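Reading through the structure tokens given below for one structure.
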Amino acid sequence: MSDISSTETTQLLRAWTAGNPDALKRLMPRVYRELRRMAGHFLQKESPGRSMQSIDLVHEVYLRLVEIREVDWQHRAHFFAVSATMMRRIMLDRARRRLAHKRGGDLQLVPFDTSQEVAQIRAREIVALDDALTSLARVDPRKARVVELRYFGGLTVEETAEVVKVSPDTVLRDWKVARAWLQAELDNRP
């Protein structure tokens with residue numbers, strides 16, 4: 001996206017925050033395609049046969065975004081970083097609900113088939129990854145943020161650098177170290 005377009009997007013974000021409802025109407029067509037791409041990135045990590053589509057995830061994010069009142073949008077990448085965080089939380093909530101149902105939170109008995117088994121395994125993986133990412137955030141918040149933006153949000157190295165306010169080289173180093181740390185953490189879980 002060009003610098004002019006990014007600047008216009010940032011201006012629309014700020015106008016929206018200031019209470020201009022027309023700004024939101026003009027903003028959504030600018031960001032919708034990218035939000036769909038991000039949602040698709042999130043959902044490709046989901047198990048086959050999932051019930052949520054990328055459009056559903058985008059709409060859920062939209063509903064949460066319109067409830068936000070006091071955000072000082074710094075730039076376009078900041079908006080997408082917040083959106084990525086929301087997508088991650090939505091997916092994590094869904095995974096936790098699936099696991100709760102498996103543990104008896106859902107009183108209705110249903111036949112168990114392979115797709116349900118895969119969904120449960122995937123839900124456990126998502127929760128385990130979130131737990132590991134939370135542990136990493138306690139040790140090194142910036143590296144955890146880089147993982148969240150790159151892995152969950154699908155942001156580029158340059159976009160991540162802009163959000164985190166470091167150089168692209170630092171993002172690449174953080175990404176490499178964080179991935180190794182998370183893999184070791186996940187390998188050591190029971």
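The values are calculated or read from the model by the stated rules, or taken from the named source; none is laboratory data. Computed from a predicted model, the values in this text were never measured in an experiment. We place every Cβ from the backbone using ideal geometry, glycine too, and count neighbours over all the protein chains shown.
Structure notes:
- Yes/no for R37 being modelled with pLDDT of 75 or more and either more than 26 Å from L133 (Cα to Cα) or in contact with a helix residue (DSSP H, G or I) (Cβ under 6 Å, 6 or more places away or on another chain) (or both): no
Residue by residue, here is whether (1) surrounded by fewer than 19 Cβ atoms within 10 Å (Cβ to Cβ); (2) in contact (Cβ under 8 Å) with a residue 12 or more places away in the chain; (3) touching a His at 6+ places or on another chain (Cβ under 7 Å); (4) under 18 Å from R150 (Cβ atoms) holds:
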{"site": "A15", "(1), (2), (3), (4)": "yes, no, no, no"}
{"site": "Y32", "(1), (2), (3), (4)": "yes, yes, no, no"}
{"site": "L35", "(1), (2), (3), (4)": "no, yes, no, yes"}
{"site": "L63", "(1), (2), (3), (4)": "yes, no, no, no"}
{"site": "H75", "(1), (2), (3), (4)": "yes, yes, no, yes"}
{"site": "S83", "(1), (2), (3), (4)": "no, yes, no, yes"}
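- Residue in the stretch 95-107 that is modelled with pLDDT of 75 or more, closer than 22 Å to L155 by Cβ and in a helix (DSSP H, G or I) present: yes
- Note on the stretch 8-23: residues that are part of a helix (DSSP H, G or I) and modelled with pLDDT under 85 total 2.
- Residue list for the stretch 139-190, restricted to those being in contact with a helix residue (DSSP H, G or I) (Cβ under 9 Å, 6 or more places away or on another chain) and in a loop (DSSP other than H, G, I, E, B): D140, G153, G154, L155, T156, V166, S167, R189
- Among residues of the stretch 127-154 that are under 18 Å from P168 (Cβ atoms) and touching a residue at least 60 places away in the same chain (Cβ under 8 Å), those with a Cβ under 7 angstrom from a residue that is aliphatic (A, V, I, L, M) and part of a loop (DSSP other than H, G, I, E, B), sequence gap 6+ or separate chain, pair up as L149/L155.
- Matching option when the condition is buried (at least 16 other Cβ atoms within 10 Å of the Cβ), at pLDDT 90 or above and farther than 22 Å from S54 by Cβ, among A180, A137, A132, A144: A144
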